[in-house]
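This report refers to the structure that appears directly beneath it.
The values are calculated or read from the model by the stated rules, or taken from the named source; none is laboratory data. Note that the coordinates shown come from a computational prediction; the quantities given were computed from them, not determined experimentally. Virtual Cβ from ideal backbone geometry, glycine too; neighbours counted across all protein chains shown. To get the accessible areas, we keep the full protein, side chains included, count just its heavy atoms, and leave off ligands, DNA and RNA. Shrake-Rupley method; radii C 1.70, N 1.55, O 1.52, S 1.80 Å.
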Amino acid sequence: MADGTTQTAVTQFFPGIGPIPYEGPESDNPLAFRHYDKDRVVLGKTMEEHLRPAICFWHTFCWDGFDIFGSGTFPRAWHEGDTPAAAAAKRRAAAFEFFTKMGTPYYCFHDVDVCEASPTPDELSANLAIAVDDLERHQERTGQKLLWGTANLFSHPRYAAGGLTNPDPDVTACALRQVRDCMNATQRLGGENYVLWGGREGYDTLLNTDLKRELDQFGRFLAMIVEHKHKIGFGGTILIEPKPHEPMYHQYDFDTATVYGFLKTYGLENEVQVNIEPNHATLAGHSFAHEVATANAFGIMGSIDINCGNYQNGWDTDQFNVDTRDITLAMYELIKGGGFKTGGFNFDAKVRRQSSDLEDLFYGHVGGLDALAKALLAVEALFAHDRIATNKAERYSGWTGDLGQFLLDETTSLDAAADRVMSDGINGQHSSGRQEYLENIVARSLD
Ligand code: XUL
Ligand code: CO
């Protein structure tokens, strides 16, 4: 083919590497899994079915290592091509070789990740259509599946003031066209979710921002997107990805609780769920587990972009998360809530700019996936005698008793509640929260 799609499918971009085997905890092979044994059954499902791991296009195949102080550091064969279209075709072929060698089942992309730079809306629609044909061929060839697609409404200069919340309707119309095209593409590729990360849906200063108008716009256009999902019969889940700031000073999808309040305000709480990211939780001043527990509490737990930040400098560094204790605390909440339905763990993580070898891409994903598997095994150990659940049941047991039920009864007034103290001689006493006992149980599950 003129655009190079067929030739590049047979090129080896990672010669001499993979497929990554499972070798068990004793292995010291850096290109083998020590914990992720995809067919191992844990708590009634295979590890692969629980974790539903996905690899993203953007960090691993689009980024060349540039940062605001310096240019790219990664020499990658798939960044070169006779034409921009040929380079994009190479990028897609390299990605599917990597996914296959990792042995993971899913991938994720932004519309702009999978095709060449497209300055106008017409060019993007046309280039995306060609890319989607090629992605479909790669999926058929490799058995890879799409966890989610998303429209990039933050990189093009027109989106400096946002996409769906832009002060100029011309810009918002371009954003809506991108979302329409990308959701249709996601449906065609059998995608299981569609993500909206509001990268620039927010503000840098209130001095030039009509906050109420922008929130109403966001609500209006989210409803329009949901309506389109039903119109085309897309069976996947629409997900909003919370993040408090960066690139904007303030982003409307601040955290899971804020997103729920927004969805409730615009009547979309049964239509849209969240895609939680640990590094974004850190930026919002929350733990990873807090975000998962909050999403479960509101019934909007959708998917996870797994990564971690840097607690010292607080940036969104998108590192591979190998903190098994932190993941275990979140995994416990996730599995307690029933685990993923359409979601999965997408590695929204990148190797450091100095990690320029092809092997480094594998080390990052192998370590990240092993950490998820280890956390899943820790949750299995915790569930064996679920002392966390037993302790919680005991701690709240009063609420199933006579006084608890009386206070919760909708007909009980504040006077009646207060008078029980006098009539029953109640004098509430503190009892231990047993935090250290519980923390030790989690530590032991990781032994
Ligand atoms: C940005 C981020 C994005 C979204 C998709 O912080 O996480 O990569 O996941 O747009
Ligand atoms: Co993300």
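Straight-line reach from residue 212: which lysines have a Cα under 21 Å away, not including same-chain ones fewer than 8 places off?
243, 264
Using alpha-carbon positions, what is the distance between the centroids of segment 289-319 and segment 382-405, in Å?
Segment 289-319 and segment 382-405 have Cα centres separated by 27 Å.
Dipole of segment 395-445, Cα-centred, from +1 at each Lys and Arg C-beta and -1 at each Asp and Glu C-beta, to the nearest 20 debye?
In debye, rounded to 20, segment 395-445 gives about 380.
Can you give me the % of accessible surface on the chain that is carbon or sulfur? Probe 1.4 Å, all protein chains present, nothing else counted.
Answer for the chain: carbon and sulfur cover 53 percent of the accessible area.
Taking only complete DSSP H runs, can you tell me which helices of the chain stretch 20 Å or more along their own long axis by Cα positions and average at least -0.5 on the Kyte-Doolittle scale?
Answer set is 84-102, 169-188, 211-232, 358-384.
Summing Lys, Arg as +1 and Asp, Glu as -1, what charge do residues with Cβ under 11 Å from the Cβ of residue 340 carry, residue 340 excluded?
Summing Lys/Arg as +1 and Asp/Glu as -1 gives +1.
Kindly work out what percent of the DSSP beta bridges joining two residues of the chain are antiparallel, to the nearest 5.
20 percent
Whole number in Å², please: accessible area per residue of the chain, 1.4 Å probe, ligands, DNA and RNA not counted.
Per-residue accessible area for the chain comes out at 46 Å².
State the extension gain, in nm to one decimal, for the chain segment bounded by residue 227 and residue 140, taking 0.36 nm per residue of separation less the distance between their alpha-carbons.
28.4 nm
From the convex hull of the Cα coordinates of segment 155-195, what is the mean projected area in square nanometres?
3.0 nm²
So for segment 59-194, what percent of the C-alpha to C-alpha distances run longer than 24 Å?
32 percent
Based on the mean of other beta carbon atoms within 10 Å per residue, what is the order of 336-347, 380-391, most packed first?
The packing order, highest mean first, is 336-347, 380-391.
Per residue of the chain, what 222 nm ellipticity follows from adding -39500 (n - 2.57) for every DSSP H run with n ≥ 4, rounded to the nearest 500?
Taken over the chain, the calculation gives -14000 deg cm²/dmol.
Size of segment 56-98 along its principal axes in angstrom, Cα-based, largest extent first?
30, 23, 14
Could you tell me which of 416, 184, 292 has its Cα farthest along the dipole of the chain towards the positive end, charges placed at Cβ (Lys, Arg +1; Asp, Glu -1), taken about the Cα centre?
184
Which of the lysines could be linked to residue 45 by a straight reach, that is with a Cα gap under 22 Å, when you skip same-chain ones fewer than 8 residues away?
145, 336, 341, 374
Suppose we take every Cα in segment 304-353 and form the convex hull; what volume per residue is that in Å³?
Taking the convex hull of the Cα positions in segment 304-353, it is 79 Å³ per residue.
Quick one, what does Rg over Rh come out to for segment 41-385 if you take C-alpha atoms and the Kirkwood Rh?
Here Rg/Rh amounts to 0.94.
Going Cα to Cα from residue 90, which lysines come in below 17 Å? Please leave out same-chain ones fewer than 8 positions away.
Counting by Cα, and skipping residues close in sequence, residue 90 has these lysines nearby: 101.
Which distance in Å, rounded to a whole number, links the C-alpha centroids of segment 77-106 and segment 227-248?
Computed from Cα coordinates, the inter-centre distance equals 26 Å.
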